[in-house]
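First comes the structure, then the notes that go with it.
The values are calculated or read from the model by the stated rules, or taken from the named source; none is laboratory data. Here the structure is a predicted model, which is why all the values come from computation and not from measurement. Cβ placement follows ideal geometry from the backbone for every residue including glycine, while neighbour counts extend to all protein chains displayed. All accessible areas refer to the heavy atoms of the entire protein, side chains included, with ligands and DNA or RNA removed. Shrake-Rupley method; radii C 1.70, N 1.55, O 1.52, S 1.80 Å.
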Amino acid sequence: MHIYAFGSVCRGEVDASSDIDMLAIVNGHDSRFNPSDYSIYSYGRIHDLWNQGNPFAWHLFLESKLVYSQDDIDFLKSIGEPSSYNSGIEDCEKFREIFLSAKESIVNSDLTEIFDLSSVFLAVRNFATCYSLYSELTPDFSRNSARNLGTHSIPIDASTYSLLERSRVLCTRGIGEILDSEEIDQAKKYLGKIDSWMTGILKIMKNDIYERV
């Protein structure tokens with residue numbers, strides 16, 4: 001058994017809206033770990049993620065801290081660096097599809113606006129993280145990944161980005177102040193810019209592949 005902390009607590013970004021991400025690596029089912037409190041993985045699954053160069057493998061490799069080791073070995077360090085991350089375009093396209101689905105929903109109905117904005121934030125953050133990992137930028141797994149891409153950062157102001165993040169916290173943790181109608185309208189105004197930003201990043205990534213060939 002090996003237990004790790006990862007995420008914002010390891011980056012020193014903890015605030016009132018943060019949770020503590022915990023990973024338990026075990027052999028088979030272990031009733032001591034509640035899936036609501038831990039991300040639970042087998043050793044075989046961890047090896048698979050490492051071999052795939054999966055973004056979560058890179059996240060753990062770069063930003064996890066050993067909390068408990070049954071054999072006094074840091075298992076994640078012992079298996080070395082994950083394989084190269086080669087699925088950046090596919091992953092970014094997947095998160096753009098999530099964004100487009102949320103955008104369509106919020107345009108066509110006002111019944112699930114905060115949930116849709118939460119999905120927009122999820123898509124934006126993970127899209128940016130995948131791009132940072134794929135490109136020559138420093139991999140960024142933080143909630144502000146889309147704002148930390150230098151000249152390729154998302155073209156929306158900090159207050160609007162904060163509204164998207166608030167929506168995500170409300171939907172995933174049930175805490176925070178509900179967005180009012182003006183705030184929702186403010187966030188909705190930027191959906192077109194977000195779409196253009198994602199399209200531009202994907203074009204850069206695909207041109208890079210073309211140039212490599």
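Descriptive notes on the structure:
- Stretch gain in nm, segment S39-F75, where the contour uses 0.36 nm per residue and the Cα spacing is subtracted: 11.4 nm
- Antiparallel bridges, percent of DSSP beta bridges restricted to the chain (to nearest 5): 70 percent
- Relative contact order of the chain, defined on C-alpha pairs under 8 angstrom at six or more residues apart (%): 17 percent
- Solvent exposure ordering (accessible area, 1.4 Å, most first) of V107, V26, V9: V107, V9, V26
- Just the protein heavy atoms count here, and of the accessible area of the stretch 1-101 at 1.4 Å, carbon and sulfur take up 47 percent.
- Solvent exposure of the stretch 75-121, expressed per residue, is 53 Å² of accessible area, with all protein chains present and a 1.4 angstrom probe.
- A Förster radius of 22 Å, combined with the Cβ-Cβ distance separating S101 from T199, puts the computed FRET efficiency at roughly 0.90.
- Helix 88-108 axis versus longest C-alpha principal axis of the chain: approximately 40°, rounded to the nearest ten.
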